[in-house]
Structure formats: structure tokens, C-alpha cells
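The values are calculated or read from the model by the stated rules, or taken from the named source; none is laboratory data. If you're wondering where the values come from, they're calculated on a predicted model, not measured in any experiment. Counting neighbours? That spans all protein chains shown, and the Cβs are built from the backbone with ideal geometry, glycine included. Quick note on the areas: whole protein, heavy atoms, side chains included, nothing else; ligands and nucleic acids left out. Shrake-Rupley method; radii C 1.70, N 1.55, O 1.52, S 1.80 Å.
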Amino acid sequence: MNILITQGRLMDASQQLDQVQDLYISAGKIVGIGEAPTGFKPDQTLDAQGKWVLPGLVDLCARLREPGSEYKATLLSELRAAMAGGVTSLACPPDTDPVLDEPGLVEMLKHRAKSQALAHVYPLGAVTRQLEGQLLTEMYALTAAGCVGFSQADAAIVDTQVLWRAFEYAATFGYTLFMRPEDPYLAKNGVAHDGEVASRLGLKGIPAAAESIALQTMLRIAQATGAKLHIARVSTAESVELIRQAKQAGMTVTADVSIQHLHLTDMDIGFFDSMVHLKPPVRTQRDRDALRAGLLDGTLDAICSDHTPVDDDAKALPFAESHPGASALELLLPLTLKWSAQAKLSPLQALAKVTQIPARILGVSAGTLQTGATADVVIYDPEMEWRVDGRALISQGKNTPFVNHSLSGKVTATITQGNLVFQQETMQLNSQS
């Protein structure tokens, strides 16, 4: 299949490319920019005049709910949502049921995802068996099965001896650990940031120190062992400062923030809005401002969706009993660009944080429009005005705190591996499932 994309504004941070050009795709690869390769004849032409042509987004955290939680979402529903959001590569954490702690489970997930011919799925294997924080998994075997790194998802490793051994093992083989720092005792039973809003609403709080104390331990062990550490879904100002100091000291550490925490604060909980029940919790305006500043100065490297589809019944419960999480694959790109406009950051710089940089963190070939690269391409209309409607989301999870928010810009087409799999105009979605 030869595809010609004409007159689009090509924007690719990996090449510092920002200009109106034609893009040529053949046999699943990008084969030319500007001038047609010799003998190129398009089977399909897409007019991108007035639109942006971008590399497919790379998401560092998206829960697909398979295996084990198909009542919340299915692999197909969430990969379709990824296509609607322009996310062509994504990492999924290991907190499935069963946990991704055995090579056979990883191979099964990879096979199921590949058969859909939609987004590239990169599993993160569990650091410890059953995520129980006691016995290390066979990281070597999990890597051979297709894991690109290792994570505890939202589970903690309380025993620092086990944590130390995990970091040593990862350092020996060059594996990256994707860790979300949280002290389980300080966070126990907490559902919101420990501050004025939680106190007023009578909600059990999670102090900012629950994150920073655990982070200090991880940074110290990473420094001692030389392990590659990625701090996942940072939420506090104190954590941003700790990561800044670590980088200034020469440590090899990276970090991301979820798109929800970049826009929301605990004030958005309002009168017990369970859509704003997230993990980690949204925090104060001071914390949100620090997260934004950390992204601008490079302390925080990337933005992720932290996509967590939740079934309607679990979100309809009282705030403290509701399940945490937000559906975000379809909102990642417009919300990222909304932040960049507010921060007066160029679109190209913002796009790097959801394409080139997360691809580098994962160690995968993605997030670029370079000639010869896999043709994962997104066409985006920056002028399309729309209002978020949870019911209209393609994700099986309709849970988003951005319901009724007005956004500018929407994905109109997504190409993966040279195949047009999504078109907004006709709501066309192709799959080999």
C-alpha cells in the first residue's frame, strides 16, 4: 500500500522538522519527504492541507485491562481508542490478572496485540512475583518474551533489601525500572491529597511526603547500584525538586507526569466528583505549577496518559469507595497541546514529550517521521473545536474528569505500519480482528 499525504504541516521533534511538505509511505515505511521517490505511485492520497502531520504518539503508561478485567475494557476497545487518540505505541504496566510475571503471559499479550494490527504494545514485566514485593521475577526470561522494562505498577516494595536486589539485577543487565514512588503506610486507605480540600470533605488524605520519602529511597539505591530508573507519574513539588537535584548530580534518571496532573488540582474534586479520583491523587495548585515548571526545564522528561478505564458502576460509588483512574488515550494529544499553549511552549517542543522522548525512554524505534522509519503517522486538525463527551469516547472506559471541557484540535486520521486504520471524518476504523 502506497500512501501520499499532501500539503500537511510536518512536525517532528526528532529532526527539528516543522514545514509544509508531502509525505510518502510505502510497504509500511516512510520513504520520502518533500519529493516523491522514483517510481512512487500512490494507492491512496490524503489531503492534509491546514492540518498537522505528526509521528504517532508514544505513551509510557496505558492499562489495556487484558488479561483479567475485560468487564472494564478489552484489548480491542482500548487499542481502537489509542488509534482515535493518535497513540501508535504504548507501554502497559504489569498489574493485569494474572500479573505479567511469567514469559507465557507476556507472549500471549504480545500475540493478541499484534493480531489486532493497531498500536504497538510494549509490556512492562513485574519486578516481583504477583507484585507482592517479596520474590524477584525472572527478568531475563521476561525480556526475552518481549518486556521492555520492569515495574511494580501501583504496588510498593516495602522490603528495601528486595528493592536493592531488584535494582542490582536490573543494573547488571541494563534493564530500566519504571517505578511509581509511594510509601504504602503513609498512603494507606488514602483517596485524596492530604490538604484543605480532603479535610473539608472528610476524605482520608495521602500526604505529599508519601511520594517524596519513597522517591528518596529509590534515588539513593539507584545511585548506589547504577540502575536505570524512570520515575513514573510524579505528582508533587517535592518530588520534582528531588529529581532536579538528582539530575544536577549527574544521575541517569528520567521521569514522567500524567496529563491529568498537568491540568487538575484537588480543587477539581468539587463536591465528591469521583471522576477526579486518581492514583496518585491530584494535588495542590503549587504542586501542579511545579510539575509544569519541571516539564519546561527538563526535570520531567515526558507526559503519559496514565489511561485507566473503569466501569460505570465502580465510578458511580461514593468518592472514597469509587475506583481510581481516568480514560485518557483519546485526550492525550489535545490536552498536551493545550498545556503547551498555556505555557507558551512551541508545539514542536511539546510534541517531543509524547513522541521522541518517551520512545527513547522505552528504548524502542518510534516517535519519528524520519525516512526509513516505520510509518506510524497521525494527521491532526488543530482548529477543530469539540466538547468532551464521555459517552462518545471509543474507550470502553467512559471515565474522564474532562467531561464537558472544550478542546481545540483533534486527530482526524491515524496510520500504523503503513495502514490507514482510523479516519475521523467517517469514523472509519479498520482492524484485522
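Assorted remarks:
- Scanning the range 128-142 for residues being touching a helix residue (DSSP H, G or I) at 6+ places or on another chain (Cβ under 8 Å) and within 18 Å of THR96 (Cβ to Cβ) gives a total of 7.
- Boolean, LEU142 is over 24 Å from LEU329 (Cβ atoms) and open to solvent by 20 Å² or more (accessible area, probe 1.4 Å): no
Residue-by-condition table, conditions (1) open to solvent by less than 10 Å² (accessible area, probe 1.4 Å); (2) assigned to a loop (DSSP other than H, G, I, E, B); (3) at pLDDT 95 or above:
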site: ILE361; (1), (2), (3): no, no, yes
site: ASP381; (1), (2), (3): no, no, yes
site: GLY409; (1), (2), (3): yes, no, yes
site: PHE422; (1), (2), (3): yes, no, yes
site: SER431; (1), (2), (3): no, yes, no
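- Screening ALA192, ALA171, ALA214 for residues that are open to solvent by less than 10 Å² (accessible area, probe 1.4 Å), at pLDDT 95 or above and under 25 Å from the mean Cα position of the chain (by Cα) leaves exactly one candidate, ALA192.
- Qualifying residue in the range 126-133 (condition: touching a residue at least 24 places away in the same chain (Cβ under 8 Å), part of a loop (DSSP other than H, G, I, E, B) and surrounded by fewer than 22 Cβ atoms within 10 Å (Cβ to Cβ)): yes
- Residue count, the range 21-40 (criterion: open to solvent by less than 60 Å² (accessible area, probe 1.4 Å), part of a loop (DSSP other than H, G, I, E, B) and farther than 21 Å from ASP381 by Cα): 4
- So ALA328, is it open to solvent by less than 10 Å² (accessible area, probe 1.4 Å), within 26 Å of PHE178 (Cβ to Cβ) and not in a strand (DSSP E or B): yes
- Looking only at the range 300-328, residues that are more than 21 Å from PRO281 (Cβ to Cβ) and touching a residue at least 12 places away in the same chain (Cβ under 8 Å) come to 2 in all.
- If you go through the range 284-295 and keep only what is open to solvent by 10 Å² or more (accessible area, probe 1.4 Å) and under 15 Å from GLY195 (Cα atoms), you end up with THR284, GLN285, ARG286, ARG288.
- Qualifying residue in the range 243-256 (condition: open to solvent by 20 Å² or more (accessible area, probe 1.4 Å), among the small types (Gly, Ala, Ser) and at negative phi): yes
- The test for being in contact with a strand residue (DSSP E or B) (Cβ under 7 Å, 6 or more places away or on another chain) and on the phi < 0 side of the Ramachandran plot holds for LEU300.
- Residue in the range 260-278 that is most open to solvent (accessible area, probe 1.4 Å), counting only those that are touching a residue at least 40 places away in the same chain (Cβ under 8 Å) and touching a strand residue (DSSP E or B) at 6+ places or on another chain (Cβ under 9 Å): MET275
- Residue match in the range 85-97 (condition: of a type in the set (A, V, I, L, M) and open to solvent by 10 Å² or more (accessible area, probe 1.4 Å)): no
- SER69 being open to solvent by less than 50 Å² (accessible area, probe 1.4 Å), in a loop (DSSP other than H, G, I, E, B) and either over 19 Å from THR137 (Cβ atoms) or out of contact with any Ser or Thr (no Cβ under 8 Å at 6 or more places or on another chain) (or both): yes
- Taking residues in the range 78-90 that are among the aliphatic types (A, V, I, L, M), and partners anywhere that are modelled with pLDDT under 95, the pairs with Cβ atoms closer than 6 Å and at least 6 places apart or on different chains are LEU79/GLN116.
- Of the residues contained in the range 256-277, one or more are found to be among the charged types (D, E, K, R) and within 19 Å of GLY390 (Cα to Cα).
- Residue among ASP59, ASP101, ASP43, ASP47 that is surrounded by fewer than 17 Cβ atoms within 10 Å (Cβ to Cβ), in contact with a Ser or Thr (Cβ under 6 Å, 6 or more places away or on another chain) and either at pLDDT 95 or above or more than 26 Å from PRO347 (Cβ to Cβ) (or both): ASP47
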